[in-house]
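A short worksheet on the structure shown next.
The values are calculated or read from the model by the stated rules, or taken from the named source; none is laboratory data. What you are looking at is a predicted structure, and each value in this text was computed from that prediction instead of being measured. Because the Cβ atoms are built from the backbone with ideal geometry, glycine has one as well, and the counts that use them run over all protein chains shown. With ligands, DNA and RNA removed, areas are computed over all heavy atoms of the protein, side chains included. Shrake-Rupley method; radii C 1.70, N 1.55, O 1.52, S 1.80 Å.
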Amino acid sequence: MTTLSPDGPVDVAIVGGGPAGASLALRLLALGRRPLIVEKEDFPRYHIGESLTGECANLLDELGLGDFMHGAGFPVKRGVMVSGASATAQFWVPVEGLAGDGTRFPATTWQVRRDEFDAKLLDTAVERGALHIKGECVDVLREGNRVCGVTIREADGTTRNIEARAVADCSGQHGFLCRKGVIGPKDRTGYENQVALFAQVKGMRRDPEPNDGSTHIFYGRRHHWAWSIPLDDEVTSVGIVLPKGKLDRNDRSKAEQFAESLSLVNPELIARTQHAEIVSDVHAISNYSYHVRDFTGPGFICVGDSHRFLDPIFSFGVLIALQEAKLAATALNRWLDAPAKMAPLDDYAEAVSRAQAVVEYVIRTFWEFPLVFLRLAHFSHRGDIAEIFSGRLYSENVRDIEAVGLMRDLLAKSGKMAA
Ligand SMILES: Cc1cc2nc3c(=O)[nH]c(=O)nc-3n(C[C@H](O)[C@H](O)[C@H](O)COP(=O)(O)OP(=O)(O)OC[C@H]3O[C@@H](n4cnc5c(N)ncnc54)[C@H](O)[C@@H]3O)c2cc1C
């Protein structure tokens, strides 16, 4: 990949070249702006988060990556199967598209290897003209209360300042602006202390065709679950999420803990992994849920995981990164024209918070009231749940979806979440 150095201030310095950062750069380029991506890792690099929602396909099309996605050989995802501990507690949520007349139709999306997917996004941004520096952002430049650039450290240890008219924090869980005290701190109140252990396996039994490329979620008990996501004809991504404490066993390797955990979650998972063999490193991540308020301000904006991440169970992460990048590009473009007015950044904050609240209603209802969720998804509000799972969360009237209102009211009445 070509690495370029900026000559003079760039429009937007983007911290991190994951899906949020790379797609923000692509959107800014399309608006005639000059973005610079600073990414600390060499791509391709491993990243968890392989299952896409239906709307991701549309967003990737908009970015001109439709042909790549169709030709890359990624497994086709038609929906999500959720299996409870008993055979009767099972439901399927299909990926659905939305036609212009409001009717829904069966659609598909993909499961992606994130090393390949993220590298394609970043490469495309650079090919189309984004500046790219391999380095780590280690500090923020400020003029009064305005953020006006970043200090980066390059591979040889040298540091330099990059001036920018705005800084977009797309650093994911790293939370760059939070660490630097520009925003934050991360609020973890009400978020469970969880740990996820994940690896790639071969020999796992899959759902029958045509759903053999789809996501399967195995429910154990509250906040205790597992996923399987096919990555190609043989390899499956498998993750197990447990309350922290269950896995604080320093005397065991991650591989041993992963193998042991496979038998702890759900009988269907046990049956399917009987002949499975681990073919990758085993990774672990804990305390990944948080919420940072006030994530926009003079000269800065946060996109994707850098300001909020709740729970990976329904695979909203990449969708949120791509969709927030789209909204952030529009907001930054307007703000750069008239930096004294904060309205564009405020509008962005409102739109993404509205969508994130809906994600939170869904996830909290699933954990706090699993039988209610089963009834909504399997019987009374199948279409609404398919709509939400497909990722159409960003319209102004998303809260008017009947199932959203029911979940919001239930959570508020039971004191589990403010309306
Ligand atoms: C256990 C688990 C399972 C998940 N499963 C799914 C799933 O199936 N589907 C899904 O859609 N989502 C899933 N997610 C969420 C998904 O991985 C993230 O939401 C998504 O990657 C967010 O994209 P991003 O661009 O905001 O951040 P990232 O993809 O994390 O990208 C951030 C980039 O910033 C770089 N960076 C960080 N700090 C700096 C710095 N200081 N200077 C320069 N560069 C920096 C990093 O190297 C990285 O490349 C999962 C998450 C977890 C924890």
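Out of the residues in region 272-321 meeting the condition of being open to solvent by less than 10 Å² (accessible area, probe 1.4 Å) and touching a His at 6+ places or on another chain (Cβ under 8 Å), tell me which one is farthest from the ligand (Cβ to nearest atom).
V292
Quick check on G245: is it out of contact with any His (no Cβ under 7 Å at 6 or more places or on another chain), surrounded by 22 or more Cβ atoms within 10 Å (Cβ to Cβ) and in a loop (DSSP other than H, G, I, E, B)?
Answer is no for this residue.
Could you grab me the full set of residues in region 182-202 that are away from the ligand (no atom under 14 Å from the Cβ) and of a type in the set (A, V, I, L, M)?
Result: I183, V201.
Table: residues versus (1) assigned by TED's automatic domain parsing to the domain that holds F117; (2) away from the ligand (no atom under 15 Å from the Cβ); (3) of a type in the set (D, E).
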residue: L26; (1), (2), (3): yes, no, no
residue: L29; (1), (2), (3): yes, yes, no
residue: I37; (1), (2), (3): yes, no, no
residue: G49; (1), (2), (3): yes, no, no
residue: C56; (1), (2), (3): yes, no, no
residue: G66; (1), (2), (3): yes, yes, no
residue: S86; (1), (2), (3): no, yes, no
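Spot the failing condition for E62; the list is (1) farther than 30 Å from I37 by Cβ; (2) more than 16 Å from the ligand (Cβ to nearest atom), and only one is missed.
(1)
Filter region 103-116 for residues that are more than 10 Å from the ligand (Cβ to nearest atom) and either of a type in the set (D, E, K, R) or under 20 Å from Q200 (Cα atoms) (or both) and give the result.
R104, W110, R113, D115, E116, listed by residue number.
A quick yes/no check of all residues on (1) without any contact (Cβ under 8 Å) to a residue 60 or more places away in the chain; (2) not in a loop (DSSP other than H, G, I, E, B):
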{"position": "P44", "(1), (2)": "no, no"}
{"position": "H47", "(1), (2)": "no, no"}
{"position": "D61", "(1), (2)": "yes, yes"}
{"position": "G64", "(1), (2)": "no, no"}
{"position": "M69", "(1), (2)": "yes, yes"}
{"position": "V82", "(1), (2)": "no, yes"}
{"position": "T88", "(1), (2)": "yes, no"}
{"position": "F91", "(1), (2)": "no, yes"}
{"position": "G100", "(1), (2)": "yes, no"}
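Against the conditions (1) open to solvent by less than 10 Å² (accessible area, probe 1.4 Å); (2) assigned to a loop (DSSP other than H, G, I, E, B), where does W335 fall short? Just the number, please.
(2)
When residues of region 144-181 are filtered for being within 9 Å of the ligand (Cβ to nearest atom), in a loop (DSSP other than H, G, I, E, B) and open to solvent by 20 Å² or more (accessible area, probe 1.4 Å), how many remain?
So the answer is 1.
Starting from residues that are assigned to a loop (DSSP other than H, G, I, E, B) and not basic (K, R), keep the ones in region 71-80 and report whichever is farthest from the ligand (Cβ to nearest atom).
G73
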